[in-house]
Amino acid sequence: MKTPSLNIWVILLVIIGAVWAINIALTSPATPTADLKLSTFMNEVRSGKVRELVVEDNRVRGVLDDGSHFTTYLPAPPSASEVEDWIARGIEVRAQPPHAASPLSGFLLPAMVIGLILLAFWYFSRANRGGDGSGAFNFTKSRARVLAEAPKTTFKDVAGAEEAKEELEEIVEFLKSPERFHRMGARIPRGVLLVGPPGSGKTHIARAVAGEARVPFITASGSDFVEMFVGVGAARVRDLFETAKKNAPCIIFIDEIDAVGRKRGNGMGGGNDEREQTLNQLLVEMDGFDKETSVIVMAATNRPDVLDPALMRPGRFDRQVAIDAPDVRGREQILRIHASGKPLADDVDLGVVARRTPGFVGADLENLLNEAALLAARERRRKITMKDMEEAADRVMMGPAKKSMVLTEFDKRITAYHEGGHALAAHYLEHADGVHKITIMPRGRALGFMMPDREDVLHWTRKRLLDQIAVALAGRAAEELVFEDVTTGAENDFRQATELARRMITEWGMHPDFGQVAYQERQDTFLGGYEVRHYSEETARRIDEAVKDLIDAQYQRILQLLRDRRAELERVAAALLEVETLNAEQFLRVLAGEPLEETDAETRSGRDSETQVIPKARIRGEPGLGGV
Ligand code: ADP
Ligand code: MG
Ligand code: ZN
């Protein structure tokens, strides 16, 4: 094994030394100067023999009457009065920034930078020659973590996601006995791309594949390859694949591959040579496996749309497995898995918890159970109750309740009517979801909250979307109806309503005047997303008007509904002001004009915040809506 690290230090020292010498030669003044003792200098000043002075910090250079140059050092930089004194004596005084000729900033620093750059180049070229990477700093080594043992996670630990497991079963079979497949001359999939929202269990399932097959699991994250120095990322990729070949059969898992795998050369933000080189190296490595190598490359992303299409060519990540947010059954199973080992009270119904958590992914559910356990532990209880689960779900969704936040009576009243309006809309509109819970307990950034009793739907119909818009607008409508004034509290409601209305027109072909045309699509770039519009200014104006008309119409519709049901609105608001939180059952009782039961502590301990008309995951994370 050669030890090149020593040589480079020698070279570096020589470079720095040489530059230093040049530096000293250059900074020495052209005119010869003599060092003057401080006392001599003072005497010369006093006797009026000094013609010029140049002050740099505490160094003073000067010219005497006889034309000779000198340098002297003061104990400290001269004070203003000292300088004034010199000027009064007819000396021409100049001041210079002290660093002007300082060898450190003037030459040494650039020299060191040059040295470092040379060092980087040297490493780079060595890496390209396929060096063994054992140097003083081997930062070209991949940061991959190798689990020599297969992970303990298996498919049993993965709930829901049945389709994904089925698709991955083949990979497991191959890794278990590669020879069987090689003998048949079958072309085995090389790369599998797991696609799904954050927390949906991509890493978890990849690990489970390795666990099922009992092979080593080598992980790296896309961001490990993103480095400042050109070539380092590529070298790390090479290293990662080397490691894998030594451990075959095994799985390489590249998490968040979008960090390296973004589309090349889209021009935005200037070319990124380093990233492109890294991506090219990844492609080269994937193409370079010979048939007999039993390494499967898995990768995960929540942004398949930004990936370079070259990654998806045959022989690379030609398999995509969607890991969606789980449906209600999946959620229940995930809860069940993570509840094992936690003492649940008899009243806990995981099915109910699953039903009230649409849009939650595996990570959220795991988090929910953990929060519930923490709540129970904090109150020194033996079991986790349903109340803990409810509180935990709210917490995961919007952060802890702000029980200590003091609201004025006025704020409370407005919030009660606002949320009451949302609730009546959700209850009475035919295609809206019912009401799961209403509260005026502040939580997160919101003062109140109406949680709909939503089922998972994959297809949003036009009627359902219109009702959703009306539900979103109902809070403001109630304010206007009751207070004949409006507040700022409906901002988020409007944003949701407007987004839905606009997308109905421009993306989902749901407006008669605009036909089934995709007017806009989302594009993502290195710098973030933006909307690409495929229409003229004229159409833009028509769309804006249509959005406004659509929202106006829904607003009038919901205003009318609330006007007709004013008595019920009053009852709901009054009940909210009294007990702060109403569950579904209590809400129905209030609507029917029946008295609430004894207001137990349970209802008072309310929670919650802003109206969630559509969970963001569903509407943004495209898989939910529309399908094709
Ligand atoms: P991702 O990689 O998609 O962001 P993770 O795999 O890191 O998500 O999931 C986070 C956690 O959520 C995991 O540690 C796991 O405990 C839990 N989890 C996610 N999906 C499931 C599932 N289908 N079954 C069981 N647990 C899950
Ligand atoms: Mg992950
Ligand atoms: Zn609202």
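Below, the figures for the structure above:
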item: Segment 190-204 - residue that is in contact with a Phe, Trp or Tyr (Cβ under 8 Å, 6 or more places away or on another chain) and outside any strand (DSSP E or B) and, of those, nearest to ligand 3 (Cβ to nearest atom); result: Thr203
item: Helices (runs of 4 or more DSSP H) contained in segment 231-336 and holding at least 1 residues over 15 Å from Ser221 (Cα atoms); result: 232-247, 273-288
item: Total residues in segment 177-207, condition of a type outside the set (Val, Ile, Thr) and more than 13 Å from ligand 2 (Cβ to nearest atom); result: 15
item: Of the criteria (1) within 13 Å of ligand 1 (Cβ to nearest atom); (2) modelled with pLDDT under 85, which one Glu162 fails; result: (2)
item: Segment 462-493 - residue that is assigned to a helix (DSSP H, G or I) and among the β-branched types (Val, Ile, Thr) and, of those, nearest to ligand 3 (Cβ to nearest atom); result: Val471
item: Test: Val353 is touching a residue at least 60 places away in the same chain (Cβ under 8 Å), crowded, with 22+ Cβ neighbours inside 10 Å and either part of a loop (DSSP other than H, G, I, E, B) or within 28 Å of the chain's Cα centre (by Cα) (or both); result: no
item: Residue check for Glu455: more than 29 Å from Val353 (Cα to Cα) and either outside the structural domain of Val353 (by TED's automatic domain parsing) or at pLDDT below 90 (or both); result: no
item: Yes/no for Arg207 being in contact (Cβ under 8 Å) with a residue 24 or more places away in the chain and surrounded by fewer than 24 Cβ atoms within 10 Å (Cβ to Cβ); result: no
item: Candidate set: segment 191-217, residues that are more than 16 Å from ligand 1 (Cβ to nearest atom) and in contact with a strand residue (DSSP E or B) (Cβ under 6 Å, 6 or more places away or on another chain); chosen: the one nearest to Asp305 (Cα to Cα); result: Gly191
item: Of the criteria (1) under 22 Å from Val328 (Cβ atoms); (2) within 30 Å of the chain's Cα centre (by Cα); (3) surrounded by fewer than 17 Cβ atoms within 10 Å (Cβ to Cβ), which one Phe494 fails; result: (1)
item: One residue from Arg329, Arg336, Arg413, Arg382 being more than 27 Å from Pro198 (Cβ to Cβ), open to solvent by 50 Å² or more (accessible area, probe 1.4 Å) and in contact (Cβ under 8 Å) with a residue 40 or more places away in the chain; result: Arg413
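The values are calculated or read from the model by the stated rules, or taken from the named source; none is laboratory data. As the structure is a prediction and not an experimental result, all values here were calculated from the model. Using ideal geometry, Cβ is built from the backbone for each residue, glycine included, and neighbour counts are taken over all protein chains shown. Note: accessible area is taken over every heavy atom of the protein model, side chains too, but ligands, DNA and RNA are not part of it. Shrake-Rupley method; radii C 1.70, N 1.55, O 1.52, S 1.80 Å.
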